[in-house]
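To start, the structure itself, in structure tokens.
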Amino acid sequence: MKRSMLFTGVRMLGLAICGIIMFSACSDDDSPAPSTPGFEVVRDDLHGDITEGHVVLESGVYRLTGKLIVHEGATLTIKAGVTVEATDINTSRQDIRYIAVAQGGKINIDGTATAPVVLTATTKEPGAWGGLVICGRAPINKGVAATAEVSELSYGGSDAADNSGSVRYLRIEYAGYAYNSEKEFNSLSLFGVGRGTTIEYVQSYEGSDDAFEWFGGTVDAKYLVAINTHESVGDDMFDWTEGWTGSGEYWYGLRSNSGNRGIEADNNSDNHGAIPVSNPTIKHLTLVGNGPTGAEPQAVKMRVGTNGNFDNVVLQNWAVGFDIQHDESLSFITAGTLQATNVRFENVGTKSRGTNTAGVVVDITGVYTENAQATGAGNGSEKPGWADGWTIGW
């Protein structure tokens, strides 16, 4: 009897020790195990709907052959060093290649400075594929909710802290496919994305429409690079509308072609006073254009009721520095809320230009203060150190 009890005690102690070891091993990594219920990852034929679980792209090259949608409750993770290459679009079927995240879905792009994630195309031309679209539940001023023009997914809501995942060290190349002149992808489109989402270290390279565009939302964005040199790239480097109220830090934009503006900023073209009013804070900004002649383009164009605040800005090679239009936006200058402090102008034809809603030219020189020592994105008009290793096109 005593021997049996002793054996039982030893056995129970052994099981307890094994349980502790197993629990410790599991607790060292509390990340969810990747799972792909209902979705098969095919390296040379990546497309479809991720409706649940956690899909992980681990290494190497994946070929995007259609739209890839991450739906509510699902997560897509792309690991450092992965390349996703959009194949040529079949124009007879209009099977556009793009990646989109729906409300309630998440995307985690886990690149590094030495091994960024690259979203590119087989054809190395602007507009060869769509781009990355993220839709969240943060406030917009287009209504309680709206439909994204390039993915037909819903966006907007009341959750300012909404979390659509984390994007770090990502390069988006040759995006911006256009269905028509009114319906075009950007490299990165942020529709009602909340501040719980991380957007850091992202480059748009040779995208045919805007490099980065915010449609409302509250998300912050740091360490962004836009480089446009191809003559078919014609729109803006940074663009916001529909009530974006987040912040931006360390933005660098370089345009050597005859394209459009550095920043194009709107509130709501149908209702200039719509709330929430677009009102981001942008710090450490460099915008480099292709020359100071003519009336266009402008480094910063603000209109239809947007507000905004800038600090530590370098503007080089533009016809116009700050161009502000419409009574609602001009009123923010009078109130002292729309302002640009510590601005360094280099080879800028006209530093500021204002036009009211009636089309009358007004003096807005009070919108900026100058500082010849401003560093902008970190290194004046030159490449900032934080862009080393993961960006291209310099």
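Figure legend: label point modelled 7 angstrom from the Cα of residue 41 along Cα→Cβ; residues of region 56-81 with amide N under 13 Å from it are 56-63, 75-81.
Structure remark: mean-square fluctuation, Gaussian network model of the chain, C-alpha springs under 10 Å; the largest value among 77, 218, 357 belongs to 357. When the charge dipole of the chain is built from unit charges on Cβ atoms (+1 for Lys and Arg, -1 for Asp and Glu) and taken about the Cα centre, the candidate among 138, 211, 87 whose Cα reaches farthest toward its positive end is 138.
Pairwise Cα distances in region 253-394 exceed 20 Å in 45 percent of cases.
Only aspartates and glutamates eight or more places from residue 351 in sequence, or on another chain, were considered; those with a Cα closer than 17 Å are 264, 296, 311, 323, 363, 370. Taking the DSSP beta bridges with both ends in the chain, the antiparallel portion is around 5 percent.
A compact globular protein would have a Cα radius of gyration near 2.2 N^0.38 Å; the ratio found for region 283-343 is 1.13.
Ellipsoid semi-axes for the chain, based on the Cα gyration tensor and the rule √(5λ), read 44, 23, 21 Å when sorted largest first.
Against the longest alpha carbon principal axis of the chain, how many degrees, from 0 to 90 and to the nearest 10, is the axis of helix 2-27 turned? Roughly 10 degrees, rounded to the nearest 10.
The trypsin sites (Lys or Arg not before Pro) found in region 91-173 that occupy coil by DSSP, while having at most 15 further C-beta atoms within 10 Å, are 93, 124.
Stretched out straight at 0.36 nm per residue, the stretch from residue 114 to residue 49 would grow longer than its current Cα-Cα span by 20.4 nm.
Bear in mind these aren't lab numbers, they're just calculated from the coordinates by the rules spelled out. Being a predicted model, the structure only gives us computed values, none of them experimental. All Cβ positions, glycine included, derive from the backbone under ideal geometry; neighbour counts span all protein chains shown.
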